[in-house]
Amino acid sequence: MASRLLKQLGEKAFQPLKVGDIWHKPAISAKNFAKLRRQTVAEGREWEFDQTSPRAGFQRKPKGHKHDKLAALRQDEIQKNLDGMAERIRIYRDSRKLKEASILDQLLLTPKQRRLKQYRETK
């Protein structure tokens, strides 16, 4: 029966058919299609219905990952931030150093308390 359908319908026998908005199964299933092909090749005849993959012509580069696409932008941003980093570190360290405190503060306050007092006075 499958060989009769194949002769009658030709190549369309193993392709799905869209009628309106509804897809219909192929007239010959993939299993029977493979069986017919094996029998034909075993008999020594040429198989005229070489089925190509439905997506064989679809060659598209994968989109990839977002972090790969943004890696160059991220490296530029990091390099821009690193350019002035030595000066920023120096300014930060200078701000953290204890300034000369009064003798009374040096005697009565711990270094942490002196640092907090200095921080409050600068704001």
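The values are calculated or read from the model by the stated rules, or taken from the named source; none is laboratory data. Being a predicted model, the structure only gives us computed values, none of them experimental. Every residue, glycine among them, receives a Cβ derived from its backbone with ideal geometry; neighbour counts consider all protein chains shown. Calculation scope for accessible area: heavy atoms of the full protein, side chains included, ligands and nucleic acids excluded. Shrake-Rupley method; radii C 1.70, N 1.55, O 1.52, S 1.80 Å.
Which residues, taken from the range 25-37, are open to solvent by less than 90 Å² (accessible area, probe 1.4 Å) and either modelled with pLDDT of 90 or more or in contact with a Phe, Trp or Tyr (Cβ under 6 Å, 6 or more places away or on another chain) (or both)? It would help to see each step written out before you state the result.
Just the residues of the range 25-37 that are open to solvent by less than 90 Å² (accessible area, probe 1.4 Å), to begin with: 26-30, 32-34, 36.
Correct list: P26, I28, F33.
Let me confirm something: among K18, K7, which residue is open to solvent by 80 Å² or more (accessible area, probe 1.4 Å) and either assigned to a helix (DSSP H, G or I) or touching a His at 6+ places or on another chain (Cβ under 6 Å) (or both)? Please lay out each step first, then the result.
Working: K18 fails: either assigned to a helix (DSSP H, G or I) or touching a His at 6+ places or on another chain (Cβ under 6 Å) (or both).
Only one candidate passes the filter, namely K7.
Out of all the residues in the range 38-90, which are part of a loop (DSSP other than H, G, I, E, B), at pLDDT 85 or above, under 30 Å from K7 (Cβ atoms) and open to solvent by 100 Å² or more (accessible area, probe 1.4 Å)? Working first, answer last.
Start the filter on the range 38-90 by keeping residues that are part of a loop (DSSP other than H, G, I, E, B), which leaves 43-65, 70, 84.
Next cut, at pLDDT 85 or above only: 43-46, 63-65, 70, 84.
From what is left, the residues that are under 30 Å from K7 (Cβ atoms) are 43-46.
Within the range 38-90, E43, R45, E46 qualify.
Filter the range 91-123 for residues that are in a loop (DSSP other than H, G, I, E, B) and not aliphatic (A, V, I, L, M); which is modelled with the highest pLDDT?
Residues of the range 91-123 that are in a loop (DSSP other than H, G, I, E, B), as a first pass: 97-102, 109-110, 123.
Add one more test, that the residue is not aliphatic (A, V, I, L, M), and what stays is 97, 99-100, 102, 110, 123.
Values: K97: 77, K99: 75, E100: 79, S102: 82, T110: 90, K123: 69.
Among those that are in a loop (DSSP other than H, G, I, E, B) and not aliphatic (A, V, I, L, M), it is T110.
In the range 14-31, what residues are touching a helix residue (DSSP H, G or I) at 6+ places or on another chain (Cβ under 6 Å) and β-branched (V, I, T)? Even if it seems obvious, please write down each step before you answer.
We begin by selecting, within the range 14-31, every residue touching a helix residue (DSSP H, G or I) at 6+ places or on another chain (Cβ under 6 Å); these are 14, 26-28.
Across the range 14-31, the qualifying residue is only I28.
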